[in-house]
1. Determine which member of the set Ala132, Ala151 is among the aliphatic types (A, V, I, L, M), outside any helix (DSSP H, G or I) and either out of contact with any Phe, Trp or Tyr (no Cβ under 8 Å at 6 or more places or on another chain) or within 16 Å of the ligand (Cβ to nearest atom) (or both).
2. I need the strands (runs of 3 or more DSSP E) fully contained in the range 1-69, keeping only those with at least 1 residues that are among the aromatic types (Phe, Trp, Tyr), closer than 30 Å to Ile154 by Cα and modelled with pLDDT of 95 or more.
3. Could you check Phe287 against (1) more than 12 Å from the ligand (Cβ to nearest atom); (2) crowded, with 18+ Cβ neighbours inside 10 Å and say which number it fails?
4. Among the residues of the range 49-80, which ones are under 14 Å from Gly122 (Cβ atoms) and among the aliphatic types (A, V, I, L, M)?
5. Considering only the range 271-284, state which residues are within 16 Å of the ligand (Cβ to nearest atom) and either over 28 Å from Phe196 (Cβ atoms) or assigned to a helix (DSSP H, G or I) (or both).
6. If I go through the range 98-124 residue by residue, how many of them are among the charged types (D, E, K, R) and assigned to a helix (DSSP H, G or I)?
Amino acid sequence: MPLINTTKHTPIKLRLARDLVRTIKRGHPWVFADALRQTPAAPPGSPAILFDNKKDRAIARGFYDARSPLAFRVCTTDPAEPLDDAWANRQFVRAAALRRIWFDGQTTAYRLFNGEGDGLPGLICDIYADTAVLQLDGDGPAAFWNVPGIAEWIAGTLELKAVCLKPQSRRGEAGQALIGPLPIRPVTFLENGVRFQANLLEGQKTGFFLDQRDNRRLIGQVAAGRRVLNVFGYTGGFSVYAGLGGASHVTTVDLAAPALQMAAQNWQINGLPPDNHLTVAADAFEFLTRAAHKKNAWELVIVDPPSFAPTKESVKKAIAAYQTLIASAAAITAPDGLLAVASCSSHIDLPTFLTICEEGISQARRRATLLTMGGQPADHPSPLPFSEFRYLKFVLMRVE
Ligand code: SAH
C-alpha cells in the first residue's frame with residue numbers, strides 16, 4: 001500500500017515573498033502563508049515545490065494547505081528528490097533506526113515518528129508495547145499521508161498487533177482501528193523498567209506523556225525518604241517513579257478522576273504499598289492555597305501543568321498563571337525541599353521560564369538553587385533551527 005496519497009499530482013509552484021532560503025536550507029520546515037507570494041487554491045496536502053524570492057530557484061519540496069496559516073511544510077530541501085514512497089520509506093527507516101539507539105526491553109513505549117523532527121511533517125506515531133497510535137497534525141498532513149499504508153508499514157516492521165488512528169484532540173471524533181482491534185482497554189507497557197497502563201483512546205495525547213520520560217527518571221533519583229506532592233499528576237507517572245525511588249509517601253493531585261484511578265492502578269501494578277499513595281481530585285490552584293493555609297509542606301513537589309499558553313496571544317496571561325503557581329508551590333515546599341516545575345508551552349522559551357521561576361519563588365519570599373534542567377527525550381527530536389518544536393522545559397530546584 002502507498003505511504004503517501006498524492007504522488008501522482010503535479011506539484012504546485014509556490015514562491016517565497018521573503019528571503020527565508022537560509023533558514024529553510026538549515027532545516028526549518030515551516031512556511032506561513034504570509035511568507036508566500038501567492039496562495040493558489042488547491043486541495044489540502046497537495047504536493048508543492050517552493051521557489052526562492054529572487055532567482056526563481058527551486059529550494060524545497062513538500063506539501064501545501066491553502067486554507068491553513070501554516071501553508072507549506074518542507075519534506076526535502078533537495079528539489080530534485082521526488083516525493084514518493086521510496087522517499088517516505090527512507091524517512092521511516094531513519095526514524096526507526098534512531099529509536100533503536102535508545103530503547104531496549106526496559107522501555108516499550110516511545111515516539112516512533114515525531115513529525116517535523118523526523119522529516120515527516122505532521123505525522124506522529126507513538127508505540128505502546130504491541131500497539132501503535134497515529135496522529136496527524138492538521139488537514140494538510142491528513143491528506144498527504146496515506147494512513148492505512150503507514151499502519152501496514154509500522155505493524156510489519158515492528159511486528160505489532162494493533163495500529164489505530166487518534167483524531168486531533170479538538171475534534172471529538174472517535175478513534176479508528178487501522179490494523180487489529182481498537183485498544184479499548186488499557187495497554188500495559190514498560191518505561192525504564194517501570195510498569196504503566198494507559199488508555200490510548202480516551203487519555204490525553206496518545207494516552208501517556210512520553211515526553212516526560214527522562215524527567216520522571218530524575219524524580220525517581222531524588223525521591224528517597226521524601227514526602228512527595230505531584231500536582232497535575234495525571235496517571236501518576238512522576239508519582240510511581242517517586243514511590244519506586246523510595247519516597248516515604250506520595251500525594252497525586254489532578255482534576256480528572258479517571259486519570260487518578262489509573263494513577264492508583266499504576267502505583268499498585270508496581271507493587272508499591274497502597275497506604276503510601278493518596279490521590280486527590282481537586283483544582284491544583286485551590287489545593288495549593290488550602291495546603292498553604294493548613295501549613296502543610298512536602299519535601300519534594302512536582303508541578304507539571306497543561307500548557308497555559310496555547311497561542312502567542314495568551315502568553316502574557318500564561319506568564320502570570322505560571323508565576324502564581326510556582327509561588328504557591330514554593331510556599332508548600334519544606335525548607336531545603338526540592339521543587340520541580342515543568343512547562344509544555346512552546347510560546348514560552350527557557351530563559352523566560354527561568355525568569356518566571358525566579359519571580360514566583362521570590363513572590364513566595366523564598367530563595368532557590370537551580371539543580372538541573374531537562375526537556376524532551378531523544379525520541380522527540382527537532383531540527384536544530386526549529387526552536388518552536390522544543391516546547392518542554394523542566395527545572396529542578398532546591399528551595400531554601
Ligand atoms: N505530569 C503528568 C502529565 C500532566 S498533564 C505525567 O507525567 O503524566 C496535565 C494534567 O493537568 C492533566 O492530567 C489534567 O487533567 C490536569 N489539570 C488541568 N487543569 C487542572 C487544574 N486546574 N487542576 C488540577 N489538574 C488540572
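1. Result of the check over Ala132, Ala151: Ala132.
2. Filter on the range 1-69 gives 58-64.
3. Going through (1) more than 12 Å from the ligand (Cβ to nearest atom); (2) crowded, with 18+ Cβ neighbours inside 10 Å one by one, Phe287 breaks only (1).
4. Hits for the range 49-80 are Leu70, Ala71, Val74.
5. Residue satisfying the conditions is Ala284 alone.
6. From the range 98-124, those among the charged types (D, E, K, R) are 99-100, 104, 111, 116, 118; that's our starting set.
Right, trim to assigned to a helix (DSSP H, G or I) and you get 99-100, 116, 118.
Residues in the range 98-124 being among the charged types (D, E, K, R) and assigned to a helix (DSSP H, G or I): 4 in total.
Listed here are the residues, each with its yes/no results for (1) under 23 Å from Lys8 (Cα atoms); (2) exposed (fewer than 15 other Cβ atoms within 10 Å of the Cβ); (3) of a type in the set (A, V, I, L, M, F, W, C).
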residue: Leu123; (1), (2), (3): yes, no, yes
residue: Tyr128; (1), (2), (3): no, no, no
residue: Leu136; (1), (2), (3): yes, no, yes
residue: Pro141; (1), (2), (3): yes, no, no
residue: Cys164; (1), (2), (3): no, no, yes
residue: Ile184; (1), (2), (3): no, yes, yes
residue: Val187; (1), (2), (3): no, no, yes
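Here is a yes/no grid of residues against (1) acidic (Asp, Glu); (2) buried (at least 16 other Cβ atoms within 10 Å of the Cβ):
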| residue | (1), (2) |
| --- | --- |
| Val341 | no, yes |
| Ser346 | no, yes |
| Leu354 | no, no |
| Ile361 | no, yes |
| Pro381 | no, yes |
| Glu388 | yes, no |
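The values are calculated or read from the model by the stated rules, or taken from the named source; none is laboratory data. As the structure is a prediction and not an experimental result, all values here were calculated from the model. Here the Cβ is made from the backbone with ideal geometry for all residues, glycine too, and neighbour counts use every protein chain on show.
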